[in-house]
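Here is the structure we will look at.
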Amino acid sequence: MMEFIHQYMALIMFLSVFALLLLGYPVAFSIGGVSLIFGLIGFGPQFFQLLPLRIWGRMTNFTLLAVPLFVYMGVMLERSGLAEELLETMGLVFARIRGGLAISVVIVGALLGASTGIVGATVVTMGLLSLPTMLKQNYSKALATGTVSASGTLGQIIPPSIVLVLLGDIMNVPIGDLFVGALIPGLILVVLYIIYIYVIATLKPEWAPPIPQEVLDGISRAEMRRRVMRALVPPLFLIVAVLGSIFAGIASPTEAAAVGAVGATFLTAMKGKFNMDTMMAVMKGTTHLTCMVFIILVGATTLGLVFRGLDGDTLIRELILGLPFGKWGILSIVMGIIFIAGFFLDFIEITFIHVPVLAPIMLHLGVDPLWLAVLIAVNLQTSFLTPPFGFSLFYLKGVAPPEIETMDIYKGIVPFVIIQIIGLLIICAFPEAITWLPRVLLGS
């Protein structure tokens with residue numbers, strides 16, 4: 001009887017947290033506060049003897065040191081002016097292709113994702129720089145806003161990605177394996193985006209007019225090569241320094257994050273943008289984002305401790321495993337829950353609240369944890385694009401020209417959300433897209 005009461009207390013606690021988040025209460029305090037109340041009710045005062053040990057164990061995890069270092073790298077690169085030069089140059093490189101300007105935004109989004117891993121910074125930067133240019137070239141508002149929003153989220157799946165670091169810690173999957181495993185799925189999404197843009201620009205040329213020929217004629221081949229080298233070498237240098245050191249086994253992900261932080265500072269100095277004001281702004285931004293992640297992590301650790309202590313995970317596992325759908329049916333349900341949660345919750349909230357509950361169910365069914373973690377990461381990427389709480393949409397609306405309405409952005413992201421679902425189905429159908437590269441490079 002007591003076990004029955006405990007399990008339903010856990011379920012009520014979980015639903016209470018979800019309700020408070022939907023009402024707009026702060027994430028960390030909603031998770032942590034509700035968990036403390038139910039922990040005290042369920043276990044009594046001795047709960048407060050166990051909780052500090054659990055939080056201390058989480059906070060002393062060396063792997064999580066990569067989070068502030070990758071955040072620093074991304075914020076520093078945002079200040080370097082690298083994105084502006086990349087966008088201008090890539091726009092000229094792809095100018096002769098149908099939808100070339102939009103395709104260049106996708107390529108730059110992928111490069112910035114591999115350099116920074118911070119979605120907000122990428123969307124804001126590209127929204128400020130490329131969206132006015134696309135509108136000036138008479139691009140469709142929906143296509144322009146959808147391309148910028150979706151391209152900015154590529155940093156969620158293309159390593160180094162903060163969500164991969166967090167998933168690796170939660171699911172006990174080596175971060176290096178996750179970084180390598182996520183590479184091909186990230187490239188699949190890039191290719192799918194480019195194919196969609198090319199097809200839509202071919203079928204509806206008025207949605208994506210070409211760059212005027214006189215602009216292209218004014219640039220010689222030698223000048224074009226010089227611009228491409230100057231724009232591409234810095235981000236490629238950083239990508240090779242960070243990911244190359246991991247893939248070659250020279251550095252752990254945490255050590256590679258430190259290499260990235262130093263490399264980003266060096267590139268900013270090379271651009272002449274490094275000064276005390278820049279350093280202060282970067283340190284403030286890094287501290288703010290890191291504190292946000294870790295205070296939510298403390299709350300989520302408390303939630304996980306209480307939820308498992310009340311046998312809530314056993315209740316959820318029995319409910320889902322009792323469904324007559326088999327492994328693939330249950331996987332579809334788990335992915336569907338995460339996808340729907342993305343309409344209402346941020347990826348960090350889903351990572352810390354839903355994944356610790358749902359992932360063990362799939363692992364119990366014998367699913368490869370590396371494959372599952374990357375599937376979840378791709379699924380979480382859609383949480384930035386799905387209204388009403390898609391953060392990528394908020395970021396873009398905040399910097400978009402006045403003529404861009406919210407409905408233009410919503411219309412624009414629908415095809416890209418469908419593309420991401422297609423990408424998710426592809427890597428579901430072909431697990432080797434995730435597992436092959438880590439096996440070849442790392443022997444995992």
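Values computed for the structure shown
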| quantity | calculated |
| --- | --- |
| Condition met for Val399 (in contact (Cβ under 8 Å) with a residue 12 or more places away in the chain and either over 15 Å from Gly186 (Cα atoms) or surrounded by fewer than 16 Cβ atoms within 10 Å (Cβ to Cβ) (or both)) | yes |
| Ser130, sole failed condition from (1) crowded, with 24+ Cβ neighbours inside 10 Å; (2) more than 29 Å from Arg225 (Cβ to Cβ) | (2) |
| Filtered residue count, the range 388-444, keeping only those that are more than 22 Å from the chain's Cα centre (by Cα) and under 22 Å from Glu349 (Cβ atoms) | 0 |
| Filtered residues of the range 157-184 (kept if of a type outside the set (A, V, I, L, M, F, W, C) and surrounded by fewer than 22 Cβ atoms within 10 Å (Cβ to Cβ)) | Asp169, Asn172, Pro174 |
| Some residue of the range 45-68 being without any contact (Cβ under 8 Å) to a residue 24 or more places away in the chain, within 30 Å of Leu396 (Cα to Cα) and not basic (Lys, Arg) | no |
| Any hit, the range 364-375, residues being more than 22 Å from Leu128 (Cα to Cα), among the acidic types (Asp, Glu) and touching a Ser or Thr at 6+ places or on another chain (Cβ under 8 Å) | yes |
| Filtered residue count, the range 19-49, keeping only those that are surrounded by 16 or more Cβ atoms within 10 Å (Cβ to Cβ) and under 31 Å from the mean Cα position of the chain (by Cα) | 11 |
| Verdict on Phe266 being closer than 19 Å to Gly81 by Cβ, in a loop (DSSP other than H, G, I, E, B) and aromatic (Phe, Trp, Tyr) | no |
| Residue in the range 420-435 that is of a type in the set (Val, Ile, Thr), surrounded by fewer than 21 Cβ atoms within 10 Å (Cβ to Cβ) and either farther than 26 Å from Leu178 by Cβ or without any contact (Cβ under 8 Å) to a residue 12 or more places away in the chain (or both) present | no |
| The range 223-261, residues that are polar (S, T, N, Q) and without any contact (Cβ under 8 Å) to a residue 40 or more places away in the chain | Ser245 |
| Exclusive hit being over 22 Å from Ile422 (Cβ atoms), of a type in the set (Ser, Thr, Tyr) and in contact (Cβ under 8 Å) with a residue 12 or more places away in the chain, set Thr147, Thr133 | Thr133 |
| Matching helices (runs of 4 or more DSSP H) fully within the range 288-406 where at least 2 residues are among the hydroxyl-bearing types (Ser, Thr, Tyr) | 391-399 |
| Unmet criterion (only one of (1) surrounded by 22 or more Cβ atoms within 10 Å (Cβ to Cβ); (2) within 21 Å of the chain's Cα centre (by Cα)) for Thr286 | (1) |
| Boolean, Gly218 is surrounded by 14 or more Cβ atoms within 10 Å (Cβ to Cβ) and either farther than 15 Å from Pro415 by Cβ or at pLDDT 75 or above (or both) | no |
| Boolean, Leu331 is touching a Cys at 6+ places or on another chain (Cβ under 9 Å) and either among the hydrophobic types (A, V, I, L, M, F, W, C) or surrounded by 22 or more Cβ atoms within 10 Å (Cβ to Cβ) (or both) | yes |
| Conditions (1) under 22 Å from Asp169 (Cα atoms); (2) buried (at least 20 other Cβ atoms within 10 Å of the Cβ); (3) β-branched (Val, Ile, Thr); (4) modelled with pLDDT of 80 or more: number failed by Ile337 | (2) |
| Which listed residue is closer than 27 Å to Leu92 by Cβ, of a type in the set (A, V, I, L, M, F, W, C) and in contact (Cβ under 8 Å) with a residue 60 or more places away in the chain, from Leu178, Leu164, Leu192 | Leu192 |
| Cross-chain or 6+ apart pairs with Cβ under 7 Å, the range 343-369 first and over 20 Å from Leu20 (Cα atoms) and modelled with pLDDT of 85 or more, then polar (S, T, N, Q) and surrounded by 16 or more Cβ atoms within 10 Å (Cβ to Cβ) | Asp368/Thr435 |
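Here is a yes/no grid of residues against (1) closer than 29 Å to Ile31 by Cα; (2) of a type in the set (Gly, Ala, Ser); (3) surrounded by fewer than 19 Cβ atoms within 10 Å (Cβ to Cβ); (4) in contact (Cβ under 8 Å) with a residue 12 or more places away in the chain:
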| position | (1), (2), (3), (4) |
| --- | --- |
| Lys271 | no, no, yes, yes |
| Asp277 | no, no, yes, no |
| Val293 | yes, no, no, yes |
| Ala300 | yes, yes, no, yes |
| Gly304 | yes, yes, no, yes |
| Arg308 | yes, no, yes, no |
| Thr314 | yes, no, yes, yes |
| Leu321 | yes, no, yes, yes |
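Residue-by-condition table, conditions (1) among the aliphatic types (A, V, I, L, M); (2) surrounded by 20 or more Cβ atoms within 10 Å (Cβ to Cβ); (3) closer than 25 Å to Pro210 by Cβ; (4) modelled with pLDDT of 80 or more:
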residue: Arg54; (1), (2), (3), (4): no, no, no, no
residue: Arg58; (1), (2), (3), (4): no, no, no, no
residue: Asn61; (1), (2), (3), (4): no, no, no, no
residue: Val67; (1), (2), (3), (4): yes, yes, no, no
residue: Tyr72; (1), (2), (3), (4): no, yes, no, yes
residue: Leu82; (1), (2), (3), (4): yes, yes, no, no
residue: Leu87; (1), (2), (3), (4): yes, yes, yes, no
residue: Val106; (1), (2), (3), (4): yes, yes, yes, yes
residue: Lys141; (1), (2), (3), (4): no, yes, yes, yes
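For (1) closer than 24 Å to Gly244 by Cα; (2) assigned to a loop (DSSP other than H, G, I, E, B), each residue gets a yes or a no:
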site: Ser149; (1), (2): no, no
site: Pro159; (1), (2): yes, yes
site: Val173; (1), (2): yes, yes
site: Pro185; (1), (2): yes, no
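The values are calculated or read from the model by the stated rules, or taken from the named source; none is laboratory data. As the structure is a computational prediction, the values presented were derived from the model and not from experiment. Glycine also receives a Cβ, built like all others from the backbone with ideal geometry; neighbour counts cover every protein chain displayed.
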